[in-house]
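Let me begin by presenting the structure, written as structure tokens, before commenting on it.
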Amino acid sequence: MRFTLLGLLLGFLGIVSALSATGSSLLVIIEEEADKSKYSQFWADLQGRGYEITYRSPKDTNLSLFLHGEPAYSHLLLLPPKSKGLGPNLTPNLLVDFINGGSNILLALSAEQAVPTAINSLLLELDINLPSDRTSLVVDHLAYDLTSSAEKHDVLLIPSAEPKKGVVDFFSVDGLVAFPRAVGQVLGNASPMLSSIVKAGASAYIYNPKEETEGVEDPFATGSQINIVSAFQARNSARFTVLGSSEALQDTWFDAKVRLPGTDYKAGKTSNKEFAQRLSEWAFKEIGVLRVEQVQHSLDEDTKDINPKIYRVKNDVRYSIEISEWDVDQWIPFNPPTGDAVQLEFSMLSPFHRLSLNSSPSTTNKDATAFSTTFRTPDQHGIFNFYVEYRRPFFTAIEDKQTVTVRHFAHDEFPRSYEISAAWPWISGIWVTIGGWLAFVAIWLYSKPTRDNKPASAKK
Amino acid sequence: MRISQFFTAALLPFSALAAKKPTGDRFQDSNAAQLANGRPLQLDDKSYDALTKGPRDYSVAVLLTALDARFSCTLCKAFQPEWEMLGKQWSKGDKKAESRLVFGTLDFLDGKQTFQSMALQTAPVLLLFRPTTGPNAYNDPIPARFDFSSGTDKAEPIHTWLSRQLPNVPHPPFVRPLNYLKIGVTITIVLGVITFIAAAWPVFMPIIQNRNLWAALSLIAVLLFTSGHMFNHIRKVPYVAGDGKGGISYFAGGFQNQFGLETQIVAGMYGILAFATISLALKVPRIADPRAQQIAVFVWGGVILGMYSFLLSVFRIKNGGYPFWLPPF
Amino acid sequence: MASATKPQSTASGVFFEGETARNTRGLLRIIILCTIAATAVASRLFSVIRFESIIHEFDPWFNFRATKYLVQNGFYDFWDWFDDRTWHPLGRVTGGTLYPGLMVTSGAIWHALRAISLPVDIRNICVLLAPGFSGLTAFASYLLTSELSDSPSAGLLAAIFMGIAPGYISRSVAGSYDNEAIAIFLLVFTFYLWIKAVKEGSVMWGAFAALFYGYMVSAWGGYVFITNLLPLHAFVLICMGRFSPRLYVSYTTWYALGTLASMQIPFVGFLPIRSSEHMSALGVFGLLQLVGFTDYIRQQLPSKQFQLLLRTLVLVIFVVAFGLLVLLTVSGTIAPWTGRFYSLWDTGYAKIHIPIIASVSEHQPTAWPAFFFDLNMLIWLFPAGVYMCFRSLKDEQVFVVIYAVLASYFAGVMVRLMLTLTPVVCIAAAMALSQILDTFLVAGEPAEPIEAPSTKTNDAKDKTVPGIPEVLRSTKGPLVGIYSYMSKAMITGAVTCYLLLFVMHCTWVTSNAYSSPSVVLASRLPDGSQHIIDDYREAYYWLRQNTKPDAKVMSWWDYGYQIGGMADRPTLVDNNTWNNTHIATVGKAMSSREEVSYPIMRQHEVDYVLVVFGGLLGYSGDDINKFLWMIRIAEGIWPDEVKERDFFTSRGEYRVDDEAPPAMKNSLMYKMSYYNFDKLFPAGQAQDRVRGSRLPAQGPELSTVEEAFTSENWIVRIYKVKDLDNLGRSHQDAGAFEKGNKKKKAGKRKGARVLRVD
């Protein structure tokens, strides 16, 4: 959350016309000048969206991701290098620091070139597994392109997946997207930060053309376990996108005609251009960036004093948080995808309440949505947190914690004794006793025997 | 069913045979035997292996002990009755045997191989074999081992330990049976004393009201406590310890520890000093004869001086840096 | 001084005759008392002179903080104070769980001084409160002793003894701003008022006693001692057949008003009628009603049988009431003994059931040197004084005897209760010594013995005690006096020497043992010059200046109050050990592996962890030496996860070197204590000066916390708890990656492949 805002500031300081929420400086690692032309349409698109692009070769000695210890670029696009390694300036540790610095990385792989070990170990840290032999690619004998790879079957044609319930859909394009010679990735189960963007078809599998064996035993992965494009968002919401096939970004595929086998309809144009745009938009934080505008909590009865530091047990409390979303070029009110909700935890050690907030357009801020609820503080004093944690695939994370103290009843906040009917006998008892005692003393003093002092004086 | 169980048990006092019985599973028989002779099973090597070999759908708690006098294992002896009580109550406690727990005792004499196979040096050792099959099977085959190092010889901690080790089965409560004999004895004694006092009241009255008696009692109490008797009582310090070279050292070194004898010496010194003071204050001025009084004053004054200086010197032993002293010591 | 106060001193001069004599003596008394008070205050100022005006060890820091809160926010806020900076995240209902007497007293003094336009810093008031009250204590003990003994010098002796006895100084030097500081004065003064009430049998004195008893309750938990001592006194008097309207009036007044007063303290609340500690007072109250009733009846109708019937009736009622009490206690309506109190009787109790109580150093039993150290020659004058109380066993002297026996028992069981013993020791010793002085400082020489005075003295003595006819054996003979001047001179000289020695002893003990604020440690350099070790404050001020104001600090509970007071940062646990589970949680975090501790620390939002380590300096009071208590307390709650056994070697030793068991080496506490310690020494030479053992050549590795600060002498070490890894890895993996050793290729996975579903 905080990082996003920081990045936002930097970005606006940089160039006002930047579309990304985190700044517009983009570094492209491409080994040979010659290859640049292959991607001309993609560059044009990016420049048109206001990025200033720096092209560097991994061999370039004065290439550095950092300037004064801070990331020098907001985004990094890694195209597959011809050579085996990425060089000393792009070691995994540096790339991890780059991510920790809050910058985004779009990594494009290709089965043409062997994946550098540096990339491999970096991906392992993110719990993304690549085939052990570096040159294997994804083939699918049912969903390949007849025109280009009639016999190799290594150009996958994949339609956009059905949007899932409760998950935002940023990437669906109509028509087929071609992924030539893709490197399939397998996502581990451990990390909740991973999510897949494009999966291979059910009949795809990973196969290494180098080995001459007929048929494949125990392929590295098969079917929808293979991810062609996958996304990773770090805790600081820095985005790391892995695109299995770099060729998919090339001009040749932007306006290629493709045809699925066994289907009757004629060759159609690929949707790679749209897809590339969507993907880069997401990868470079033009969409799906959330921001907390304002958090307010107060007593239900008097909403005058906002965000007091202390409440009492069994208070009725109102809480509201305003969230807006960055959509390409402006902030718009954020609405969670259908079937999803923003939730509030009122927690001390463990949540005492977990409530779904109900959304309504914000009264103060026209491009934010207010999520609010009211509840009663538990009968337990302590230091509590209003805790909103909203981590969803493809959205930057929201984590907002407001610490308040919940105190016990003060000595004068209990009902007075005479308001409790059960106490009346006792109270009356007290007064009767007092009265009786006074009466007794009075009678005693009154009936004091008058003694004549003569005998006493006589005794002296 | 219960009859048959009873018969099996009666016929076969040892579960070893019961375990060998073709019919019925091992748990039923051993449990029956246990119920019948009302205490944990007496195991030997064979029956031990038979009872504890897996797969097991029940759990076994075996106490490996050495009761024979030769081993002079006091803890074993102290713990044995508790153990039997616990086993009895547990098996009686869940009649339907839902906890499926068998108690067994393996004495060293009957189970030498077992002891050797486990390379046990110490006794007692309490092992709990948890079921390997069945609803609440437990994955690791190694039996849980109760730690006697805290020196407990009571059944309650064992019971809590077992209950903790065997979750989600019923745990029959353990109630220590009242020792009626003891209670009766105490009551009779108390009554007897009361009656005796009541009878001998005229004799007692003066004794109870004797001021010297009370003075003596309270003085003794004060002297005991102020000379650190409670410390001995709580810390269980040795009465006296030998120094390196054969002799005995009366005073423990260091400020924070002491010997039993030491405290008694100190109490004695306090007593003498106090007595001397009392004599000086009360007795001496009541001596009619001037010469005798003079001598008494000298004597008691000297006693106080000597004792006090000795006390100081002793304290200097305890506390090295202490600067003050009195002649002669 | 004794000579000045002798009634029949025949020294020449008009000042010592008749009316003027009384005035002169009164004047002298006042002067002497003032000097005594001055002495008492002066002898407690060592620490201020030597170090500075600073609050001492642990609890005082909390009292100081509370007092500041009181003077800043006023009394009602203090009453309702919910403290959200301790026991995070539970917080503490502080206003309702402390004895406000101390804070309110110093707050009142502060306001009073401002009222007369003397703005004094509250800290100075807090530092100097204890010495100030010690002067009052001396005065109170003068009053009490004068009530107890007829010798005029006894009171003054008791006053000076009380003023300089180390047993009392130990808890009342300047800066030890603790409840005892005022409580002892209140204790003695309440006793004085009680004795006065019993003697006079007046409602007024009884009411005063109740008033000060209430004050005492508001000041110190030790009030229970009074609550049980006074009823015991009354009970014993009844048993001695000394029931009198005086006793009845004074006790009933005290009990009724005192109980009401004590129930006004929120912390005490309904304890006086619910808990067993207070039941004796209630029972004796009832018994007194019964006895009074029978007494009244007996006076009315002298029929023998009826009286017998009455006696039995009373007995029956008494027994029934007692049975009822037991029943209620068993059924739980009346709370049973609280742990701390129970551990006084069953001395083995705490060790087994409440390790947290047994772990406190001042709850240990007392060895005899401690007695002598704290009371020097009073300790042997004490029995003599007690004996003299038996001479003419008046009601008040019975009180002294009971007090003496009980207090010496308690002092024997718990070191800190030496405090309650000291007053009675001073009083008794003063009575004994004054007796000697009065005997041997008579200027006049007695005539040759004649029988007349003896009889007089005898029957005089018989008159004093109606209940018990015969007298002590030592006082059978007639009192004649001392003949020769020589013996007089000798004894007087000896006693003077002893008194001087006593004064020297007290001064020495005070300056050497009781005047160091354990916040600042003083050590001697080889050349004998003093060297101040100030690591604690260094570390606490580091926290105060370099961390967020709401950064939670986790440490063992001993340091909670100091962190709250000096560093002003929230703590998880502190010296007010009200929540054993929370303390056990900290103990578990300290004694478990990092993987186990980290989630606990995250859950409790811990930002910094503070450990105390003496290995470099040889400072033995460090956390590794307290570690076993942490383990025990944690084991009490999680017997399956933390086991004390695992922290000992197979031979049952507690070691930190190579032989240390894995549980020890992997525990967070061990790692934090010895982290980077080996870097100070040549390889393999790392030496722990407390345990006196050589440490493993390979120092421990830390992954979930990082060193933030280490004080000059390494006594205090502070670690920062890392945030979660940005890429969602475990800290161990992240650390490995930083060091550059890569993960295994996932291709070599064993077993069935785990499919991802999303």
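The values are calculated or read from the model by the stated rules, or taken from the named source; none is laboratory data. Here the structure is a predicted model, which is why all the values come from computation and not from measurement. Counting neighbours? That spans all protein chains shown, and the Cβs are built from the backbone with ideal geometry, glycine included.
Count, please, the residues in segment B:263-274 that happen to be out of contact with any Gly (no Cβ under 8 Å at 6 or more places or on another chain) and within 8 Å of chain C (Cβ to nearest Cβ).
Qualifying residue count for the region: 5.
Out of the residues in segment A:115-150 that are at pLDDT below 85 and among the charged types (D, E, K, R), which is surrounded by the most Cβ atoms within 10 Å (Cβ to Cβ)?
A:Arg134
Residue by residue through segment A:120-162, note down the ones that are more than 14 Å from chain C (Cβ to nearest Cβ) and either hydrophobic (A, V, I, L, M, F, W, C) or at positive phi (or both).
A:Leu137, A:Val138, A:Val139, A:Leu142, A:Ala143, A:Leu146, A:Ala150, A:His153, A:Val155, A:Leu156, A:Leu157, A:Ile158
For A:Pro159, indicate whether it is at pLDDT below 90, surrounded by fewer than 20 Cβ atoms within 10 Å (Cβ to Cβ) and under 27 Å from the mean Cα position of the chain (by Cα).
Judged against the criteria, A:Pro159 is a match.
Can you name every residue in segment C:705-718 that is buried (at least 23 other Cβ atoms within 10 Å of the Cβ) and more than 16 Å from C:Lys679 (Cβ to Cβ)?
If the condition is that a residue be buried (at least 23 other Cβ atoms within 10 Å of the Cβ) and more than 16 Å from C:Lys679 (Cβ to Cβ), then C:Val705, C:Ile715, C:Val716, C:Ile718 are the ones that fit.
Inside segment B:294-324, can you point out the residues that are in contact with a Ser or Thr (Cβ under 7 Å, 6 or more places away or on another chain) and either within 14 Å of C:Phe372 (Cα to Cα) or polar (S, T, N, Q) (or both)?
B:Gln294 - this is the single residue of segment B:294-324 that is in contact with a Ser or Thr (Cβ under 7 Å, 6 or more places away or on another chain) and either within 14 Å of C:Phe372 (Cα to Cα) or polar (S, T, N, Q) (or both).
Residue-by-condition table, conditions (1) more than 14 Å from chain C (Cβ to nearest Cβ); (2) in contact with a Leu (Cβ under 7 Å, 6 or more places away or on another chain); (3) not in a helix (DSSP H, G or I):
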position: A:Gln47; (1), (2), (3): yes, no, no
position: A:Asn93; (1), (2), (3): no, no, no
position: A:Gln113; (1), (2), (3): yes, no, yes
position: A:Ala118; (1), (2), (3): no, yes, no
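Based on what the data block shows, is A:Asp251 surrounded by fewer than 16 Cβ atoms within 10 Å (Cβ to Cβ) and either within 30 Å of A:Asp97 (Cβ to Cβ) or of a type outside the set (Lys, Arg) (or both)?
No; evaluated as a whole, the condition is false for this residue.
Please go through segment A:404-416 and give me each residue that is assigned to a strand (DSSP E or B) and facing chain C (nearest Cβ under 7 Å), ordered by number.
Those that are assigned to a strand (DSSP E or B) and facing chain C (nearest Cβ under 7 Å): A:Thr405, A:Arg407.
For segment B:143-151, state whether one or more residues are assigned by TED's automatic domain parsing to the domain that holds B:Ser99, loosely packed, with under 15 Cβ neighbours inside 10 Å, part of a helix (DSSP H, G or I) and of a type in the set (Gly, Ala, Ser).
Yes, segment B:143-151 has at least one match.
Among residues belonging to segment A:373-394 that are under 30 Å from A:Phe232 (Cα atoms) and hydroxyl-bearing (Ser, Thr, Tyr), point out the one that is farthest from the other protein chains (Cβ to nearest Cβ).
Filtering segment A:373-394 for residues that are under 30 Å from A:Phe232 (Cα atoms) and hydroxyl-bearing (Ser, Thr, Tyr), the one farthest from the other protein chains (Cβ to nearest Cβ) comes out as A:Tyr390.
So which residues in segment A:358-401 are of a type in the set (Gly, Ala, Ser) and outside any strand (DSSP E or B), if there are any at all?
Across segment A:358-401, the qualifying residues are A:Ser362, A:Ala368, A:Ala397.
Does A:Leu157 qualify as being assigned by TED's automatic domain parsing to the domain that holds A:Lys210, touching a residue at least 60 places away in the same chain (Cβ under 8 Å) and either aliphatic (A, V, I, L, M) or in contact with a Cys (Cβ under 7 Å, 6 or more places away or on another chain) (or both)?
Judged against the criteria, A:Leu157 is a match.
Please go through segment A:163-188 and give me each residue that is within 23 Å of A:Leu142 (Cα to Cα) and touching an Asp or Glu at 6+ places or on another chain (Cβ under 9 Å), ordered by number.
Hits for segment A:163-188 are A:Pro163, A:Ser172, A:Val173, A:Asp174, A:Gly175, A:Leu176, A:Val177, A:Ala178, A:Phe179, A:Pro180, A:Arg181, A:Ala182.
Yes/no per residue for (1) within 21 Å of B:Thr52 (Cβ to Cβ); (2) exposed (fewer than 13 other Cβ atoms within 10 Å of the Cβ); (3) among the β-branched types (Val, Ile, Thr):
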position: B:Arg70; (1), (2), (3): no, yes, no
position: B:Glu82; (1), (2), (3): no, no, no
position: B:Met85; (1), (2), (3): no, no, no
position: B:Lys95; (1), (2), (3): no, yes, no
position: B:Ser99; (1), (2), (3): yes, no, no
position: B:Val102; (1), (2), (3): yes, no, yes
position: B:Gly111; (1), (2), (3): yes, no, no
position: B:Thr114; (1), (2), (3): yes, no, yes
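For A:Ile427, all conditions in the list (1) part of a strand (DSSP E or B); (2) free of Cβ contacts under 8 Å to residues at least 24 places away in the same chain; (3) of a type in the set (Val, Ile, Thr) hold save one; what is the number of the exception?
A:Ile427 satisfies every listed condition except (1).
Among (1) surrounded by fewer than 19 Cβ atoms within 10 Å (Cβ to Cβ); (2) more than 9 Å from chain C (Cβ to nearest Cβ); (3) not small (Gly, Ala, Ser), there is one condition B:Pro290 misses while meeting the rest; what is its number?
Of (1) surrounded by fewer than 19 Cβ atoms within 10 Å (Cβ to Cβ); (2) more than 9 Å from chain C (Cβ to nearest Cβ); (3) not small (Gly, Ala, Ser), only one is false for B:Pro290: (2).
Yes or no: A:Leu106 under 30 Å from A:Ile287 (Cβ atoms), in a strand (DSSP E or B), at pLDDT 90 or above and not small (Gly, Ala, Ser)?
Yes.
Among C:Arg524, C:Arg569, C:Arg473, which is the only one that is modelled with pLDDT under 95, within 14 Å of chain B (Cβ to nearest Cβ) and touching a strand residue (DSSP E or B) at 6+ places or on another chain (Cβ under 7 Å)?
C:Arg524
Hey, which of the helices (runs of 4 or more DSSP H) in segment C:240-334, taking only ones fully inside, have at least 2 residues that are charged (D, E, K, R)?
Of the helices (runs of 4 or more DSSP H) lying wholly inside segment C:240-334, those with at least 2 residues that are charged (D, E, K, R) span C:279-300, C:304-331.
Given the options A:Phe254, A:Phe240, A:Phe220, A:Phe275, name the one that is assigned by TED's automatic domain parsing to the domain that holds A:Val139 and in contact with a Pro (Cβ under 8 Å, 6 or more places away or on another chain).
Matching residue, one of A:Phe254, A:Phe240, A:Phe220, A:Phe275: A:Phe220.
Considering only residues that are more than 19 Å from C:Phe373 (Cβ to Cβ) and either surrounded by 15 or more Cβ atoms within 10 Å (Cβ to Cβ) or among the charged types (D, E, K, R) (or both), which ones fall in segment B:202-223?
Once the filter is applied, which keeps residues that are more than 19 Å from C:Phe373 (Cβ to Cβ) and either surrounded by 15 or more Cβ atoms within 10 Å (Cβ to Cβ) or among the charged types (D, E, K, R) (or both), segment B:202-223 yields B:Gln209, B:Arg211, B:Trp214, B:Ala215, B:Ser218, B:Leu219, B:Ala221.
Yes or no: segment B:247-262 includes at least one residue that is within 27 Å of C:Met388 (Cβ to Cβ), of a type outside the set (Gly, Ala, Ser) and more than 7 Å from chain C (Cβ to nearest Cβ).
No.
Condition check ((1) surrounded by 14 or more Cβ atoms within 10 Å (Cβ to Cβ); (2) in contact with an Asp or Glu (Cβ under 8 Å, 6 or more places away or on another chain)) across all residues:
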position	(1), (2)
A:Ser347	yes, no
A:Ser350	no, no
A:Thr373	yes, no
A:Thr403	yes, yes
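Regarding C:Leu33, is this residue within 11 Å of another protein chain (Cβ to nearest Cβ) and either part of a loop (DSSP other than H, G, I, E, B) or over 24 Å from A:Gly382 (Cβ atoms) (or both)?
Against the criterion (within 11 Å of another protein chain (Cβ to nearest Cβ) and either part of a loop (DSSP other than H, G, I, E, B) or over 24 Å from A:Gly382 (Cβ atoms) (or both)), C:Leu33 does not qualify.
Farther than 22 Å from C:Arg85 by Cα and aromatic (Phe, Trp, Tyr) - does that describe any residue in segment A:321-330?
Yes: segment A:321-330 contains one or more residues that are farther than 22 Å from C:Arg85 by Cα and aromatic (Phe, Trp, Tyr).
When only residues in segment B:225-268 that are in a loop (DSSP other than H, G, I, E, B) and within 20 Å of the chain's Cα centre (by Cα) count, which is surrounded by the most Cβ atoms within 10 Å (Cβ to Cβ)?
That would be B:Val237.
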